[in-house]
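K.L.:
Take a look at the following structure, please.
Every number in this text was worked out from the coordinates using simple rules, so none of it is lab data. Everything numeric in this text was worked out from a predicted model, so none of it was measured. Here the Cβ is made from the backbone with ideal geometry for all residues, glycine too, and neighbour counts use every protein chain on show.
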Amino acid sequence: MAGLDASVSALNPVRRRLGSADEERLARYCLVLAAFEQVFRSGMLGERSPLIYPTPCADIEELLARARSAWVEDLCAMASAFHDVAERHGLFDVPHVLNPTFEGSADMRADADVILGGCLLDVKCTVQPSLTLESLAQLLGYLLLDYSDAYSIEAAGFYLARQGLLLRWPLVRLFCHQASRAELSQLRESFRQILRGPTPGPT
């Protein structure tokens, strides 16, 4: 994988569209990295993982070739859709944090997808997305894990990658009233205490 950084530098994909061949190569690298990420998160290597199935790869080119054409086309389509959304909403011009972890991540293993310009976004790649209470609870959980307000998050939402749809709400909308920063701090402290459990009293 030593060629990954060199390939990204050569392709220079930031803030611009790539030609189809370059986009496909970048997508193949992303899919291989996703296979490694799956191992990192689960601690296991699936028996049909492209990393070893049908046989272990001899080199990176063989590994890149194992990304199926349908996967590559799907990822390229999502990349193109995001480029349109980013241009439309000015996302290329705001500060960003990829895969942010929070102070509370030590209490509950969790890392979010991205923070763009003070907006925490959870990326959904499902073909038929639905905004469930579970997904909203997950989003609010990330917000509460930022105990010390290190990221100064002001809004949160979802990016539906296959639909190219960006949904964002200010925190006051998500918490259903004009929550002050002090109230949010209190909620975070309560959440921290729940996750860490009661503090033992004197013996």
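K.L.:
Using Cα-only point scatterers and the Debye equation, what is log10 of I(q)/I(0) for the stretch 3-80 at each q in 0.19, 0.20 Å⁻¹, rounded to two decimals?
P.N.:
Once normalised to I(0) and log-transformed, intensities are -0.85, -0.93.
K.L.:
Using label points projected 7 Å from each Cα along Cα→Cβ, tell me how many nm separate SER69 and ASP93, to one decimal.
P.N.:
4.1 nm
K.L.:
Let me ask something else. In terms of the ratio Rg/(2.2 N^0.38 Å) built on C-alpha atoms, what value belongs to the stretch 85-138?
P.N.:
1.31
K.L.:
Quick one: what does P(r) look like for the stretch 92-196 with 10 Å bins over all Cα pairs, in whole %?
P.N.:
Each 10 Å bin holds this share of Cα pairs: 14, 49, 32, 5.
K.L.:
Subtract the Cα-Cα distance of MET108 and SER135 from 0.36 nm times their separation in residues, and report this length gain in nm to one decimal.
P.N.:
Separation in residues times 0.36 nm, less the Cα-Cα distance, equals 8.1 nm.
K.L.:
Same structure, new question: Between ARG15 and GLN186, what is the label-point separation in nm under the 7 Å Cα-to-beta-carbon projection?
P.N.:
About 4.4 nm, to one decimal.
K.L.:
Let me ask something additional. Report, in deg cm²/dmol and to the nearest 500, the calculated mean residue ellipticity at 222 nm for the chain, where each DSSP H run with n ≥ 4 adds -39500 (n - 2.57) and the sum is divided by the residue count.
P.N.:
-14500 deg cm²/dmol
K.L.:
Near ARG188, within a Cβ-to-Cβ distance under 12 Å, what is the net charge of the other residues, with Lys and Arg +1 and Asp and Glu -1?
P.N.:
That sum, taken over residues with Cβ under 12 Å, equals -4.
K.L.:
If you stretched the chain out fully between SER42 and PHE175, how much longer would it get, using 0.36 nm times the residue separation minus the C-alpha to C-alpha distance?
P.N.:
Gain in length upon complete extension: 44.6 nm.
K.L.:
Can you give me the span-like helices of the chain, meaning DSSP H runs with 15 Å or more of Cα extent along the axis and Kyte-Doolittle mean at or above 1.0?
P.N.:
133-145
K.L.:
Residues with beta-carbon under 13 Å from that of ASP149, excluding ASP149: net charge, scoring Lys, Arg +1 and Asp, Glu -1?
P.N.:
That sum, taken over residues with Cβ under 13 Å, equals -2.
K.L.:
Compute the Kirkwood hydrodynamic radius of the chain, taking the inverse of the mean of 1/r over all pairs of distinct Cα atoms, and give it in Å to one decimal.
P.N.:
Across the chain, the inverse of the average 1/r is 19.4 Å.
K.L.:
Here's a follow-up. For the peptides 9-22, 144-157, what is the packing order when you average, over each peptide's residues, the other Cβ atoms within 10 Å and list the highest mean first?
P.N.:
Most protected by this proxy first, the peptides run 144-157, 9-22.
K.L.:
Counting Lys +1, Arg +1, Asp -1, Glu -1, what net charge surrounds TRP71 among other residues with beta carbon under 12 Å of its beta carbon?
P.N.:
Neighbourhood net charge equals 0.
K.L.:
In what sequence, highest mean first, do 79-85, 23-29 appear when ranked by Cβ atoms within 10 angstrom?
P.N.:
Going by the mean number of other Cβ atoms within 10 Å, highest first, we get 23-29, 79-85.
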